[in-house]
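Taking it in order: structure first as structure tokens, then the write-up.
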Amino acid sequence: MGEPVVVVNNVSKKYRLYHERNNSIKIALLRGGRAKLDREFWALNDVSFEVTEGSTTGLIGENGSGKSTMLKCIARILRPDKGSVTVTGKMSALLELGAGFHPELTGRENVFLNGAILGLKQKELQERFDDIVDFAGIGQFIDEPVKNYSSGMYVRLGFSVAINVEPDILLVDEVLAVGDEAFQRKCLERFKYLKDNGKTVIIVSHAMSSVVNMCDHAVWFKHGQKMADGVPREVVEAYTGSIVMDRPASGSDTGDRWGSGEAKIDRVELIGRAGETIKRFPSGDPLTIRLWYSTSEPVPRPVFSVAVQTLQGIVVTNPTTREADLVPEKLDGVGHVDLVLAHCPLLPDTYDLTVSVTDFTMAHPYDVRRNVVRFDVDRKGRHEPAGIVSFGGTWALR
Ligand SMILES: Nc1ncnc2c1ncn2[C@@H]1O[C@H](COP(=O)(O)OP(=O)(O)OP(=O)(O)O)[C@@H](O)[C@H]1O
Ligand SMILES: [Mg+2]
């Protein structure tokens with residue numbers, strides 16, 4: 001892979017938040033006409049990473065974590081308060097739904113206006129016009145004012161212009177979430193085409209499977225900070241794992257349980273070697289972890305997960321049904337999911353189980369139950385090694 005073409009260097013970005021209250025006029029007068037600065041809010045805090053030429057990079061993280069702000073700093077729409085962003089090459093950005101589109105103008109007029117802003121000559125635009133309209137699948141609507149477009153049409157046309165100017169670096173915020181399946185597939189193909197032609201793509205996405213499948217680099221943001229940066233599968237796993245393990249800071253949910261509730265885990269059972277429910281068993285024994293679920297409405301492509309934690313908070317393992325490819329198209333009604341271990345490798349200690357059922361991206365929890373079961377693992381023989389798990393291997397000395 002090539003040289004770095006985007007270098008983000010210790011970037012911090014703050015937004016200023018102002019009071020809007022009944023007494024604000026009075027305060028403003030007292031302060032000599034200036035609005036009161038309520039507080040400053042750092043949307044990005046000391047973020048650094050590099051994007052190499054020809055790579056596809058995904059920026060991920062929960063809502064409000066700073067992804068769009070980062071993309072806008074790269075696109076030079078926002079200027080960082082601290083740090084710097086260096087970009088080498090021609091950049092094209094699709095950051096907001098129909099950003100840069102004039103509602104009263106037709107699709108055709110907007111394509112020319114937008115293309116010109118993105119640096120295409122009139123002649124080049126004329127040559128590519130049919131491709132642009134074709135890719136967007138706008139058809140006859142191209143001569144309608146864009147204010148009459150559906151949000152899907154808006155996005156498709158904006159995206160089509162942005163990719164058809166053939167940038168060296170393409171920035172895209174969340175386009176894959178909009179549009180129907182067919183358009184999403186076309187986008188993925190186009191990203192691949194850009195990649196095959198050595199172009200650099202930076203996307204913001206909440207679609208974790210797309211990030212894993214199409215990116216070669218992912219950066220995870222949380223509260224404006226970079227949490228991880230590296231191989232997509234690992235970064236996505238760390239992020240989705242944290243959603244399940246972290247209690248949300250706000251929300252109506254209480255205590256150790258939260259989620260939107262369309263699917264619920266009503267009960268968690270540990271089942272021992274004789275098929276009985278247990279809370280204590282010897283190390284190395286067979287174990288089944290059974291999650292009893294129910295749904296209040298059909299839930300598409302749910303993912304169940306189980307996390308085992310020590311009392312010191314170390315996550316020993318966090319298997320999911322997704323990595324086992326056990327994801328039904330739809331979950332409806334009641335039933336149970338089993339995780340079956342022929343030999344539970346946990347060493348003697350006390351452990352807590354956290355279980356969850358989420359949507360396929362694992363970004364949206366239906367039900368998370370933290371520390372729902374506490375159990376003890378007993379000694380099996382006289383000698384147990386120290387640690388958390390048994391490797392279960394055999395020694396050989398020659
Ligand atoms: N113009 C603004 N003025 C004040 N605060 C802002 C402004 N734009 C964004 N913010 C705040 O900055 C934080 C980061 O926002 P940003 O849009 O970068 O998040 P994001 O990761 O893109 O979120 P999402 O996944 O919802 O798109 C949020 O708390 C947001 O409320
Ligand atoms: Mg955003």
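Using a 1.4 angstrom probe, figure out how much accessible area the chain has per residue, in square angstrom, rounded to the nearest whole.
On the way: 21030 Å² over 398 residues.
That works out to 53 Å² per residue.
Can you list the residues, at least 5 places off or on another chain, whose amide H is less than 5 Å from the amide H of Gly83, using H built in the peptide plane?
Ser12
Averaging sequence separations of C-alpha pairs under 8 Å and six or more residues apart, then dividing by the length of the chain, give the relative contact order as a whole percent.
14
Out of every Cα-Cα pair in the chain, what percent are more than 40 Å apart? Can you show the working numbers first?
On the way: 26036 of 79003 pairs.
Within the chain, distances greater than 40 Å cover 33 percent of Cα pairs.
Can you work out the FRET efficiency for the pair Asp266 and Arg39, with r the C-beta to C-beta distance and R0 = 51 Å, to the nearest 0.05?
0.75
Enumerate the amide H contacts of Ile60 below 5 Å, restricted to partners 5 or more residues apart or on another chain; note that Pro and chain-start residues carry no placed amide H.
Residues meeting the amide H criterion: Val219, Trp220, Phe221.
Between Leu326 and Trp292, what is the FRET efficiency for a Förster distance of 22 Å, r being their Cβ-Cβ separation, to the nearest 0.05?
Once rounded, the FRET efficiency stands at 0.85.
Over the chain, what is the percentage of antiparallel beta bridges among all DSSP beta bridges, to the nearest 5?
75
If each DSSP helix of 4+ residues adds -39,500 (n - 2.57) and the sum is divided by the residues in the chain, what number results at 222 nm, nearest 500 deg cm²/dmol? Don't jump to the answer; show the numbers that get you there.
Working: 8 runs with 92 residues, N = 398.
Result for the chain: -7000 deg cm²/dmol, rounded to the nearest 500.
Determine which residues of the stretch 137-166 fall in the zone a paramagnetic label at Ile77 would reach in this model, i.e. backbone nitrogen under 16 Å from the point 7 Å along Cα→Cβ.
Residues 154-163 fall inside that zone.
Given Lys147/Lys192; Lys123/Lys186; Lys14/Lys82; Lys199/Lys226; Lys90/Lys195; Lys67/Lys330, which pairs have Cα atoms separated by over 20 Å? Mind showing how you got there, number by number?
Details: Lys147/Lys192 31 Å; Lys123/Lys186 26 Å; Lys14/Lys82 9 Å; Lys199/Lys226 24 Å; Lys90/Lys195 15 Å; Lys67/Lys330 31 Å.
Cα-Cα > 20 Å for Lys147/Lys192; Lys123/Lys186; Lys199/Lys226; Lys67/Lys330; rest within.
Express the carbon and sulfur contribution to the solvent-accessible surface of the chain as a percent, rounded to the nearest whole number, probe 1.4 angstrom. All intermediate terms of the calculation are to be shown ahead of the outcome.
Working: 10420 of 21030 Å².
On the chain, the fraction of accessible area on carbon and sulfur atoms equals 50 percent.
Rounded to whole Hz and in sequence order, give me ³J(HN,Hα) for the stretch 153-164 from the Karplus expression 6.51 cos²θ - 1.76 cosθ + 1.60, θ = phi - 60°, writing x for Gly and Pro.
5, 3, 5, 4, 5, x, 5, 4, 5, 4, 7, 7
In terms of the Cα gyration tensor, with a ≥ b ≥ c the square roots of its eigenvalues, is the stretch 225-351 rounded because a/c is under 1.5, prolate because a/b exceeds b/c, or oblate?
oblate
Compute the signed sum of charges (Lys and Arg +1, Asp and Glu -1) over the other residues within less than 13 Å, Cβ to Cβ, of Asp266.
Result for the local shell: +3.
Using a Förster distance of 25 angstrom, determine the FRET efficiency expected from the C-beta separation of His364 and Thr52, and round it to 0.05.
Numbers: r = 32 Å, r/R0 = 1.27.
The pair His364/Thr52 has a calculated efficiency of 0.20.
Taking amide H atoms as placed 1.01 Å from N in the peptide plane, list the residues 5 or more away in sequence, or in a different chain, whose amide H sits under 5 Å from that of Arg257.
Under 5 Å from the amide H of Arg257: Arg370.
In debye, nearest 20: dipole of the chain around its Cα centre with unit charges on the Cβ of K, R (+) and D, E (-)?
1380
Grab the Cα-Cα distance for Glu166 and Leu17, subtract it from 0.36 nm times how many residues apart they are, and report the gain in nm with one decimal.
Values: separation 149, 0.36 × 149 = 53.64 nm, distance 3.78 nm.
Gain in length upon complete extension: 49.9 nm.
Would you mind telling me the antiparallel percentage of the DSSP bridges in the stretch 257-378, rounded to 5?
So the antiparallel bridges amount to about 95 percent of the total.
Helix 232-245 against the longest principal axis of the chain: what's the angle in degrees, Cα atoms only, rounded to the nearest 10?
60
Below 8 Å between Cα atoms, with a sequence gap of 6+, how large is the relative contact order for the stretch 257-378 in percent?
Here the relative contact order equals 35 percent.
Taking 20 °C and 1.002 mPa s as the conditions, I'd like the Stokes-Einstein D for the stretch 341-396 in µm²/s, using the Kirkwood hydrodynamic radius from alpha carbon pairs.
154
Suppose each label sits 7 Å from its Cα in the direction of the beta carbon; what would the Tyr193-Glu181 distance come out to in nanometres?
Once both label points are built, they end up 2.2 nm from each other.
For the chain, find the longest principal axis of its Cα atoms and tell me its angle to the long axis of helix 122-136, 0 to 90°, nearest 10.
Helix 122-136 sits roughly 40 degrees off the main axis of the chain.
Rounded to the nearest 10 degrees, what's the angle between the helix 181-196 long axis and the longest principal axis of the chain, both from Cα atoms, 0 to 90?
80
The values are calculated or read from the model by the stated rules, or taken from the named source; none is laboratory data. From a predicted model like this one, the values you see are computed outputs, not experimental measurements. Every residue, glycine among them, receives a Cβ derived from its backbone with ideal geometry; neighbour counts consider all protein chains shown. With ligands, DNA and RNA removed, areas are computed over all heavy atoms of the protein, side chains included. Shrake-Rupley method; radii C 1.70, N 1.55, O 1.52, S 1.80 Å.
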